Amino acid sequence: MSRDQYTFTNPVELYADIQPQKQHMREPGLDADLTPKADLGEESYRGTGRLTGRKALITGGDSGIGAATAIAFAREGADVAISYLPEEEEDASRIAGILREAGATVATIPGDLRDPEYCRTLVAEAVAALGGLDILVNNGGKQVFQESLTDVTDEQFDDTFKTNVYAMFWITKAALPHLPAGSTIINTTSIQAYSPSDILVDYASTKSTINAFTKGLAQQLAPKGIRVNAVAPGPIWTPLQPSDGQPQEKIAQFGQDTPLGRMGQPAELAPAYVFLASPESSYVLGETLNVNGGMPTP
Ligand code: NAD
Ligand code: MG
């Protein structure tokens, strides 16, 4: 490995070679088709045993932030189950291969997060495959922009809330009886929770809901020794964005309005999830860790 996540680097120049390009994909989009390729840390993430023996379930673990997190978790010593849509099998099997190379036990469990039965089965299958569960990452998400609220169909509103909010509720509820003290739950929220875009009203609303869910549940589960936190990404290069997450003209400037002046890569998110998953963050609860290139947050 020439560079890893500990290599001293100027964050302005890091990933300057990965410039966003206009391209349209059909939702949910594939990492395999993303041009240029995102960095999931395949070549760079170096584990140091921070999650040895842990058992993690990550939704949306086939691509983007979830895949980078899965790679980091496996290299830190965890076994990993990933959830994704059946049409994402190509991405999921590539990631599963990387996790197995790291020595992890891996479960790939495709299905639709909008379906409560799938969410419950997902937890049961992950528990069976890994022999338990002590890390849950609710990361799968849907983002479709609309210029006007009148263009947000009831179906889109429903799908966005089902995928981003209801699935988090269904999965967390099903997971709780399995989580021993010391377990951690990490929810992927967004800068959109604080600074909603005019064209992402439904999506942004789900993300502020996730923040409230995280902070409320963190207090409820603290006495049981289960910590709940969130990670709030800024503009990150993943298939979510070119598959109607943003208009094409915004894709070309994606991330340029951050203080760092560039978009982020999924590999830059993974260490935040590792920190919150690992016992080193034992006194961190109900926190939202912003990884957004420097945009101010409350
Ligand atoms: P991504 O497309 O790589 O990951 C999202 C995943 O969600 C997909 O891979 C898919 O497996 C899953 N998913 C979507 N709908 C589903 C459904 N109905 N059933 C099952 N799985 C479904 O994109 P990403 O950007 O890595 O997204 C991960 C999380 O990060 C999402 O919650 C997203 O809202 C959040 N986020 C992303 C950005 C960004 O700029 N990319 C910024 C802030 C927050
Ligand atoms: Mg995907």
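What follows is calculated from the coordinates using simple rules that are stated; it is not laboratory data. Computed from a predicted structure; not experimentally measured. Here the Cβ is made from the backbone with ideal geometry for all residues, glycine too, and neighbour counts use every protein chain on show.
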Dipole size in debye (nearest 20) for region 5-75 around its Cα centre, Lys and Arg Cβ +1, Asp and Glu Cβ -1? 400 debye
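With 19 Å as the limit, write out which pairs from K37/K162; K22/K250; K37/K207; K55/K207; K142/K207; K55/K142 have Cα-Cα distances beyond it, or answer none. If you can, show how the numbers build up before the last one.
Numbers: K37/K162 29 Å; K22/K250 8 Å; K37/K207 26 Å; K55/K207 26 Å; K142/K207 11 Å; K55/K142 25 Å.
Violating the 19 Å Cα-Cα cut-off are K37/K162; K37/K207; K55/K207; K55/K142.
For region 1-58, what relative contact order do you get, as a whole percent, if you take Cα pairs closer than 8 Å and at least 6 residues apart? It would help to have the intermediate numbers written out before the result.
Values: 22 pairs, mean separation 27.7, N = 58.
About 48 percent, as a whole number.
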With an 8 Å cut-off on Cα pairs and a minimum separation of 6 or more residues, tell me the relative contact order of the chain in percent. 22 percent
Using bins 5 angstrom wide from zero, how does P(r) for the chain break down, in % of all Cα pairs? 1, 6, 13, 18, 20, 19, 13, 7, 3, 0, 0
Considering only C-alpha atoms, what is the centroid distance from region 272-298 to region 36-88, in Å? 17 Å
Does region 87-139 come out rounded, prolate or oblate, given a ≥ b ≥ c as the square roots of the eigenvalues of its C-alpha gyration tensor, rounded meaning a/c under 1.5 and, failing that, prolate meaning a/b above b/c? oblate
Estimated distance in nm for a label pair at S2 and Q23, the labels positioned 7 Å out from Cα along Cα-to-Cβ: 2.1 nm
Mind giving me the nanometre distance, one decimal, between the label points for A128 and E42, set 7 Å out from Cα along Cα→Cβ? 3.1 nm
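In debye to the nearest 20, how big a dipole does the chain give about its Cα centre with +1 on each Lys and Arg Cβ and -1 on each Asp and Glu Cβ? Before the final figure, lay out the partial values.
On the way: 22 positive and 37 negative charges, 242 e Å.
Here the chain has a charge dipole of around 1160 debye.
Report relative contact order for region 204-286 in percent, whole number only (criteria: Cα-Cα under 8 Å, sequence separation at least 6). Write out the running numbers ahead of the final one.
Details: 67 pairs, mean separation 31.7, N = 83.
The normalised contact order for region 204-286 reaches 38 percent.
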Between exposed GluC sites (Glu not before Pro) in the chain, where DSSP calls loop and at most 12 other Cβ atoms lie within 10 Å, what's the longest gap? 148-298
